[in-house]
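Take a look at the structure set out below.
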Amino acid sequence: IQTPSTVLEEILASLIMWFFYTLIPCLLIDGVAILPAPQNLSVQSTNMKHLLTWSPVMVPGEIIYYFVEYQGEYESLYMSHVWIPSSWCSPTKGPECDITDDITATVPYNLRVRATQGSETSAWSTLKPPFNRNSTILTPPGMDVTKDGFHLVIKLEDLGSQFEFLVAYWRREPGAKEHVKVVRSRGIPVHLETMEPGAAYCVKVQTFVKAIRRHSPFSQAECVKVQGETLPLALALFGFVGFMLILVVVPLSIWKMGRLLRHSCCPVVVLPDTLKITNSPQKLISCRREEVEACVTAMLSSEEPFRTWI
Amino acid sequence: MKAQRVSLLLVAAVLLLCSVHARGLRRCLVSMDMRHVVESFQEIKKAIQAKDTFQNVTILSTSETLHRIKPLDVCCVTKNLLAFYVDKVFKDHQELNPQILRKLSSIANFFLYMQKALQPCQEQRQCHCREEATNATRIIHDNYDQLEVRSAAIKSLGELDVFLAWLDKNHQENSAA
């Protein structure tokens with residue numbers, strides 16, 4: 001016979017048992033499947049383009065997405081709870097993020113990344129130390145030096161609106177003065193100087209980023225030379241000689257061609273030597289009177305086969 | 001002969017004094033690339049100014065306060081107004097929209113950078129605050145305090161274009177000193 005108290009006890013015991021049964025799987029899951037936070041955060045920055053990278057989280061299952069947030073020095077000093085989601089990487093798939101559009105002031109920025117997989121979220125991983133864009137690596141810019149006739153023209157690499165170029169150019173001779181020109185336009189050719197013939201000119205260029213007040217190293221100097229006045233003279237002489245030759249050769253060849261044409265269409269028949277009558281015909285037939293008839297006959301007889309042959 | 005020498009010495013002394021005096025009066029210019037911060041503000045200007053409910057009141061432009069600032073007072077007023085925005089305005093404003101928050105962060109961090117850039121001027125005592133500059137700053141603070149905090153903050157943010165234009169005009173390297 002079961003009293004109410006025993007019934008209650010049984011119910012309580014089964015409840016406790018069920019409670020623990022449900023807890024065990026949760027404990028198991030917690031122990032094994034917490035998503036690890038991304039490691040090895042670092043920023044590579046070249047020519048004011050900043051790339052945040054980290055080691056990918058390798059956990060089998062669904063695709064892993066990463067969320068990147070940043071905080072300028074202002075936020076870290078005055079409102080430390082405020083973190084701003086990155087423009088392009090909230091979320092992102094790859095273990096890297098172009099944070100160029102986020103880092104917009106020359107102050108230290110805190111950056112943090114976390115991974116998500118399905119409904120799982122990892123802890124935040126923060127970049128240490130904070131990143132300041134004045135630590136960017138500035139490289140010598142690419143340049144294309146050309147001569148447009150006597151004009152020294154340079155075309156510069158387009159590195160973005162934050163870059164100015166300082167172009168140094170000089171005449172390659174001892175004691176020559178170095179000129180410097182500041183170029184702010186991008187992508188369009190810039191005229192530096194009108195060159196003197198026979199002289200060589202050299203150009204080198206560096207960038208200046210006003211936002212961080214830094215210069216890049218200078219590029220390698222490139223030199224161009226303009227041909228001297230002697231060449232035009234030689235060309236003129238050559239041209240004159242050629243012209244004279246043409247004056248002689250052309251009529252000669254025309255005349256030759258004329259003769260050739262005449263020969264091909266209306267050839268002059270030249271009698272071979274054997275048929276040439278060098279003496280008068282009477283002399284050929286130098287027959288004596290007695291033999292005239294014989295000669296005539298001989299002539300006639302010789303003519304006949306000739307006639308038949310014709 | 002002696003008189004000539006004395007007069008030459010006097011002229012030299014006067015020139016020396018003038019140059020020393022001029023050095024002290026030289027403006028402290030902090031040349032900045034304002035383009036990006038001006039562009040950032042242009043993108044959120046409409047949204048910010050739309051939230052301003054007190055259209056017929058101004059905080060920065062009372063009787064053209066800023067336009068009356070003399071070159072000698074530029075450093076002091078710049079320092080004071082940067083502190084006004086950094087210590088007061090940005091903190092008093094709570095922004096929830098991520099797009100606007102991004103641009104405001106950009107401007108606030110730029111102001112912080114400009115404050116750091118002005119520090120050498122202060123250390124070299126080239127940022128002295130005269131009475132006119134102090135008065136102008138006080139007027140702006142009084143205007144701000146007369147409004148309710150959130151309204152004052154949003155109004156001051158809406159008038160950033162006035163402050164940025166004034167900064168741009170007064171802190172150019174090639175403007176006459």
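Please treat every number below as a calculation from the coordinates, not as lab data. Remember, it's a predicted structure, so these values are computed and weren't measured experimentally. Backbone-built Cβ (ideal geometry, glycine too); neighbour counts: all protein chains shown.
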Checklist entry - Relative contact order for chain B: what is it in percent, counting Cα pairs under 8 Å that are at least 6 residues apart? => result 43 percent
Checklist entry - Taking the Cα-to-Cβ direction at A:N40 and at A:M17 and moving 7 Å from each Cα, how far apart do the two end points lie in nm? => result 5.2 nm
Checklist entry - Per the Cauchy relation, a quarter of the hull surface: what is the mean projected area of the convex hull of the alpha carbons in chain B, in nm²? => result 12.3 nm²
Checklist entry - Taking A:K93 as the anchor, which lysines have their alpha carbon closer than 22 Å to its alpha carbon, excluding any fewer than eight residues away along the same chain? => result A:K49
Next on the checklist: Using a 7 Å offset from the Cα along the Cα-to-Cβ direction at both B:Q4 and A:A176, what is the distance between the two label points in nm, to one decimal?
Outcome noted: 4.7 nm
Checklist entry - Given H placed 1.01 Å from N in the peptide plane, which residues other than close sequence neighbours of A:A200 have an amide H under 5 Å from its amide H? => result A:R172
Checklist entry - Counting pairs of alpha carbon atoms under 8 Å apart in space and at least six apart in sequence, what relative contact order in percent does the range B:31-135 give? => result 45 percent
Checklist outcome for this item: In terms of the alpha carbon gyration tensor, root eigenvalues a ≥ b ≥ c, rounded if a/c is under 1.5 and otherwise prolate when a/b exceeds b/c or oblate, the range A:160-224 is prolate
Checklist entry - Leaving out same-chain residues fewer than 8 places away, which aspartates and glutamates sit with a Cα under 20 Å from that of A:K147? => result A:E157, A:E173, A:E178, A:E193, A:E196, A:E222, A:E229
Checklist entry - What ranking do A:132-142, A:169-179 get when scored by the average of other Cβ atoms within 10 Å per residue, highest first? => result A:132-142, A:169-179
